[in-house]
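The values are calculated or read from the model by the stated rules, or taken from the named source; none is laboratory data. Treat the numbers as computed from the prediction; the structure is a model and nothing was measured. Neighbour counts are summed over all protein chains in view; Cβ atoms, including those assigned to glycine, are modelled from backbone coordinates with ideal geometry. The protein model used for the area step is the full one, side chains on, heavy atoms only, and it has no ligands, DNA or RNA in it. Shrake-Rupley method; radii C 1.70, N 1.55, O 1.52, S 1.80 Å.
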Number of protein chains: 2
Amino acid sequence: MTTMAGRATIREVADAAGVSRQTVSNSLIHPERVKGPTLERVRRVIDELGYRPSNAAQSLRSQRTGAVGFELNATGSATRNAVSFPFVLALSERAPAHNGHIVTFGTTSEHPLLSGYEDMVRSQLVDAFILADTHEGDPRPDWLDGARIPYAAFGRLWGRPELTSWADVDGAHGLRIATEHLLAQGYSTVGFLGWPAGSQVGDDRRRGWAAVHEDRSMPLGPEAMAVQDLGAATAAAGPLLDQVGRGGAIACASDMFALGVERAAAARGWRSGTDIGICGFDASVIAEIESLTSVALPLYEIADHLLGLLQDRLGGAPPPAAGLLVEPGLTIRSSSTR
Amino acid sequence: MTTMAGRATIREVADAAGVSRQTVSNSLIHPERVKGPTLERVRRVIDELGYRPSNAAQSLRSQRTGAVGFELNATGSATRNAVSFPFVLALSERAPAHNGHIVTFGTTSEHPLLSGYEDMVRSQLVDAFILADTHEGDPRPDWLDGARIPYAAFGRLWGRPELTSWADVDGAHGLRIATEHLLAQGYSTVGFLGWPAGSQVGDDRRRGWAAVHEDRSMPLGPEAMAVQDLGAATAAAGPLLDQVGRGGAIACASDMFALGVERAAAARGWRSGTDIGICGFDASVIAEIESLTSVALPLYEIADHLLGLLQDRLGGAPPPAAGLLVEPGLTIRSSSTR
């Protein structure tokens, strides 16, 4: 920087770059509207002159700031944000392409669930929200609709088919590709370790595992249920390992379950990959550290859909015609390769 | 809400609540300046009337928005943000108490390191930054000083003692309390598993382990080094377990190392806690899932110091007289209790 920050005017930048003031403004707010070489030139001049526009003036001009609120769970458990953390990274990375930016907030109380949102609305720090951890009876969509604040949810709005502002992972597809991968690797039988029946997310995942068997007219592999806890998963994995036997595989509804299966297998001297195929779900930090094959959430595609949806809503568009299911991929590691 | 959002004026809110417009404004921007019952009343009226102030107008009035940028590492590895993720939660939770809010951004390229910051400054989305992952030769402090943008760093500004805008974990204290805890639990010898010498963070942690031995005039326990990888840690832990023997303990520079020690111990049939005491560092999601005792980072104290520092800087104050070292605590789990 050759001059002190904040001293140059937009006119000086426009003159030095040989463009209009509108082009300077677009370079800052809507870079996608400015041609590459022009954008480069304007940015260089902005840097050289140390030009810094007033954010407040920008906001007044556009009548909105593009600030999107995202709640992080602050109830203490390090595992509670296992998906929200990588998702906020995806949101942060993709937001500029949608003229937005991400404002995170943390709420310590689970009840009332809305308090953090109320605080953010009251202090006018955001123009819209992206919701995560949606669940049956979630009060947030109705409250936000009532307050006329646009939202988009990562997760289906269970029990509310009329609400369409969401994108979610196609969990059935995830278990389908996991099961197909394990069969293709030559494991004899593919069992399933899931949550107790009645969990919508879990039932959805189980469907994908069952569908592969149906497609191939194979008898359904053995299955077991556990709550989301390493001890419970390890305990439930034991009988399941007996059933699939050495040379079999287990597709799991979560990475923690996959870790439990690996533990139970190691306790009987079975090597994961070689003696037992294991696949988790979420491709979380656990799976990375433990070298577990896992269904990888399409977080960037979901972030793009939700941020685009909010941009449309803030521009006055109605909610989309339907929610979006995005197919996950598979991160293959040593726990499922022989 | 009884009226449509955004229709009420600040005068209507003030009249309905029986307060001045300044009090309404303070209730939104500086709630700490408004007495509890008044604040409650004003907030109720704001909700009832559906009053929504213009964020842009607020910004112009205060000449700043209190937006604090925080970079999340987007280079792909799920383990890269093991500390940054819980830290952004602490920042998000504490920011309102410092009249701030957190804007996250992700940068995919490590070189140039500054590109993400330049983009955020150019688009004027933040007024200040909190830095993490500081390291020797870090270009960010000088660049931000040059651009006259306040910053505060989580992590010492290594090699730059004249820079004081930081708070960091007292790593030596962390290993000191970990070692003292293991000795108090009755483990015979406490070894150390750390990074190769020359890592400033690692050397700092090792000092705390060594200091306990010096204080007690005990011979130094055995030690080993590994790079930050589960396989390397598990391999390095083997000879170290031979040296401390069954009934000994190992204090580790990271949770991944602690996991490696647990793996190596399990491979020889030793139960963690009973046969071998293990303590990690960071109290990360890994430690929580694996039930590992670990040094818990004082993220909330650090967030408070850094956010307060930025508030002072944005108010015109010079940098503080010195950086701040904060003593971590210990999260005790089954890996270190007999």
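Data for the structure
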{"read-out": "Close pairs (7 angstrom Cβ cut-off, 6 or more residues apart or separate chains): on the phi < 0 side of the Ramachandran plot in the range B:218-243, open to solvent by less than 20 Å² (accessible area, probe 1.4 Å) and of a type in the set (S, T, N, Q) anywhere", "value": "B:Gln228/B:Ser254"}
{"read-out": "Test: residue in the range A:125-138 that is more than 21 Å from the chain's Cα centre (by Cα), among the hydroxyl-bearing types (Ser, Thr, Tyr) and either away from chain B (no Cβ under 12 Å) or part of a helix (DSSP H, G or I) (or both)", "value": "no"}
{"read-out": "Boolean, B:Phe129 is modelled with pLDDT of 95 or more, assigned by TED's automatic domain parsing to the domain that holds B:His305 and crowded, with 19+ Cβ neighbours inside 10 Å", "value": "yes"}
{"read-out": "Filter pass, A:Trp158 being in contact (Cβ under 8 Å) with a residue 40 or more places away in the chain, open to solvent by 40 Å² or more (accessible area, probe 1.4 Å) and not assigned by TED's automatic domain parsing to the domain that holds A:Gly231", "value": "yes"}
{"read-out": "Any hit, the range B:86-98, residues being part of a loop (DSSP other than H, G, I, E, B) and open to solvent by less than 40 Å² (accessible area, probe 1.4 Å)", "value": "no"}
{"read-out": "Boolean, B:Leu324 is modelled with pLDDT of 95 or more and open to solvent by 20 Å² or more (accessible area, probe 1.4 Å)", "value": "yes"}
{"read-out": "The one condition in (1) at pLDDT 95 or above; (2) at positive phi; (3) within 16 Å of the chain's Cα centre (by Cα) that B:Gly329 fails to fulfil", "value": "(2)"}
{"read-out": "Scope the range A:183-220; condition touching a Ser or Thr at 6+ places or on another chain (Cβ under 6 Å) and either loosely packed, with under 15 Cβ neighbours inside 10 Å or in a helix (DSSP H, G or I) (or both); matching residues", "value": "A:Trp209, A:Val212"}
{"read-out": "Test: residue in the range A:299-308 that is open to solvent by less than 10 Å² (accessible area, probe 1.4 Å) and modelled with pLDDT under 95", "value": "no"}
{"read-out": "Selection from the range A:244-263 of residues that are surrounded by fewer than 24 Cβ atoms within 10 Å (Cβ to Cβ), part of a loop (DSSP other than H, G, I, E, B) and either among the basic types (Lys, Arg) or in contact (Cβ under 8 Å) with a residue 60 or more places away in the chain (or both)", "value": "A:Arg246, A:Gly247, A:Gly248"}
{"read-out": "Residue within the range A:151-158 that is of a type in the set (Ser, Thr, Tyr) and at pLDDT 95 or above present", "value": "yes"}
{"read-out": "Some residue of the range A:101-111 being more than 13 Å from chain B (Cβ to nearest Cβ) and open to solvent by less than 20 Å² (accessible area, probe 1.4 Å)", "value": "no"}
{"read-out": "Which listed residue, of B:Ala283, B:Ala266, is free of Cβ contacts under 8 Å to residues at least 24 places away in the same chain, within 11 Å of another protein chain (Cβ to nearest Cβ) and either open to solvent by less than 30 Å² (accessible area, probe 1.4 Å) or not in a strand (DSSP E or B) (or both)", "value": "B:Ala266"}
{"read-out": "Residue match in the range B:328-337 (condition: over 30 Å from B:Asp275 (Cβ atoms) and crowded, with 17+ Cβ neighbours inside 10 Å)", "value": "no"}
